[in-house]
Amino acid sequence: MKDEITDITIIGGGPTGLFSTFYAGMRQMSVRLIDSLPELGGQLTELYPDKYIYDVGGFPKILAKDLVNNLVEQAKYAEPDFHLGETVQSYRKEDDHFVLTTDKGEYLTRTILITAGVGAFQPRKLGLENEVEFEGASLQYAVRDLEKFKDKDVVVLGGGDSALDWALMLEKLAKSVTLVHRRERFTAHETTVQQVKDSSVTVKTSLNVTEIKGDAGQIEELVLTAKDGSEEVIQADQLIVNFGNISSLGPLKDWGLKLDKNSIEVDAHMQTNIEGIFAAGDVTTFEGKVKLIATGFGEAPVAISYAKSSYDAKSRIQPKHSTSVFKQD
Ligand SMILES: Cc1cc2nc3c(=O)[nH]c(=O)nc-3n(C[C@H](O)[C@H](O)[C@H](O)COP(=O)(O)OP(=O)(O)OC[C@H]3O[C@@H](n4cnc5c(N)ncnc54)[C@H](O)[C@@H]3O)c2cc1C
């Protein structure tokens with residue numbers, strides 16, 4: 001256990017957690033940030049790093065991964081103690097602080113800010129026995145590195161917006177793109193479905209992948225099976241499985257927090273029903289809540305300011321403007 005008590009520990013390194021980290025630094029709080037994923041950025045890094053975001057103030061258009069890089073650079077101002085690949089499990093209250101337990105250790109903290117988004121999430125898998133052999137090499141659950149697909153025969157599985165968007169995105173650089181959906185109809189937006197129909201993407205519906213053939217991590221062929229049992233074999237260098245994600249607040253559900261489905265109820269100060277534990281971003285719910293990056297950015301300074309005043313009665317709720325805090329050069 002680390003003996004030093006950190007002013008705030010932030011659970012979740014998505015955009016809200018990263019901006020909260022910066023803000024805690026600006027309010028001269030010591031800060032620790034813990035995320036169960038190996039990389040910072042939350043949903044942006046995990047689900048759509050190469051997509052453009054158009055609705056973050058001040059950025060007419062920005063790639064999700066570039067927004068994350070900017071947020072990380074900004075967060076570093078706080079000199080945070082980053083812990084990646086570590087999942088927060090439980091807490092207990094001791095005197096004037098909390099003891100947080102993760103799967104790797106225990107940490108002392110005066111306050112806690114939960115920015116856990118949709119919770120620790122995992123991609124929904126195909127469910128085939130040898131699937132794991134190809135994961136990361138020729139089977140992906142998200143498009144991270146576009147270069148991987150250059151001049152390759154790519155097969156995308158799924159019928160939602162992400163699957164179709166990726167098929168359209170990869171059409172420009174892959175040798176071929178085949179979209180396979182287990183149902184007849186797509187759930188994606190109808191304009192996107194039309195764009196796919198008008199593109200060079202080969203569309204196959206009412207088929208399931210029932211076998212992956214390949215060697216040493218490299219997929220060679222996929223066996224597609226129809227409801228009537230008939231089979232078709234197609235070539236593939238890269239397979240993208242986009243069946244959505246399973247997310248859950250997991251261990252945080254047992255903390256005694258007031259929950260509404262998978263979201264944590266907070267008051268106007270972003271405080272949960274447990275004194276000293278605050279929440280912000282996608283994980284929260286309150287009257288009028290909108291789940292967006294922009295709203296998470298707005299909730300962060302509120303949560304940080306009230307977290308600080310919860311242990312430092314003299315601290316002002318209304319922060320000084322950054323233009324006064326930082327030297328202008
Ligand atoms: C395909 C797609 C496109 C989108 N496009 C847009 C868009 O254009 N504009 C927009 O505003 N929003 C968009 N969104 C939504 C946006 O990504 C979310 O609103 C945003 O990511 C919420 O940020 P967050 O920091 O609150 O949570 P998240 O980004 O979900 O991050 C939460 C983090 O907490 C971590 N975590 C959870 N539980 C634990 C635990 N117990 N221990 C440790 N770590 C934990 C998770 O690993 C995760 O990294 C999109 C979402 C998707 C899926």
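Computed from the coordinates by the stated procedures, all read-outs in this text should not be read as laboratory data. The model shown is predicted, which means the values in this text are computed figures rather than measured ones. Positions of Cβ are generated from backbone atoms using ideal geometry, with glycine treated the same way; all protein chains shown enter the neighbour counts.
For the reader, a short list of remarks on this structure follows.
- Computed packing ranks the peptides 313-325, 263-275 as 263-275, 313-325, most packed first, by mean other Cβ atoms within 10 Å.
- Taking Lys and Arg as +1 and Asp and Glu as -1, the other residues whose beta-carbon sits under 12 Å from that of GLY41 total -2.
- FRET efficiency, GLN28 to THR101 (Cβ-Cβ, R0 22 Å, nearest 0.05): 0.20
- Using the average count of surrounding beta-carbon atoms within 10 Å as a protection proxy, the listed peptides 13-21, 215-223 rank, highest first, as 13-21, 215-223.
- Dipole magnitude of the chain about its Cα centre (Cβ charges: Lys, Arg +1; Asp, Glu -1), debye to nearest 20: 960 debye
- Here the contact order of the range 175-329, divided by its residue count and restricted to Cα pairs under 8 Å and six or more residues apart, works out to 11 percent.
- Spin-label model, LEU173 to ASP215: label points 7 Å out along the Cα-to-beta-carbon direction sit 2.9 nm apart.
- Considering only VAL154, PHE186, GLN235, the residue lying farthest towards the positive end of the dipole of the range 125-241 is PHE186, judged by Cα position with unit charges set on Cβ.
- Per-residue 3J(HN,Hα) values for the range 8-24, derived from phi via the Karplus relation 6.51 cos²θ - 1.76 cosθ + 1.60 with θ = phi - 60°, read 9, 10, 9, 9, x, x, x, x, 5, x, 5, 5, 4, 4, 4, 5, 4 Hz in sequence order (x marks Gly and Pro).
- Debye intensity ratio in log₁₀ form over the Cα atoms of the chain, taken at each q of 0.06, 0.09, 0.12, 0.13 Å⁻¹: -0.26, -0.55, -0.88, -0.97
- Theoretical FRET efficiency, 1/(1+(r/R0)^6), r = Cβ-Cβ of TYR54 and GLU131, R0 35 Å, to 0.05: 0.50
- Structure-based [θ]222 nm, the chain - -39500 (n - 2.57) summed over DSSP H runs of at least 4, per residue, nearest 500: -6500 deg cm²/dmol
- Spatially proximal lysines relative to LYS93 (Cα-Cα < 20 Å; intrachain offsets below 8 disregarded): LYS2, LYS104, LYS253, LYS258, LYS308
- Two-site label geometry, SER200 and ARG92: point separation in nm, points 7 Å out along Cα→Cβ: 6.3 nm
- For the pair GLU275 and GLU231 in one chain, pulling the backbone fully straight at 0.36 nm per residue adds 9.9 nm over the alpha carbon distance.
- Pairwise FRET efficiency - ASP81 versus THR191, Cβ, R0 = 35 Å, nearest 0.05: 0.15
- The magnitude of the dipole of the range 125-241, with charges of +1 and -1 set on the Cβ of Lys/Arg and Asp/Glu and taken from the Cα centre, is near 380 debye.
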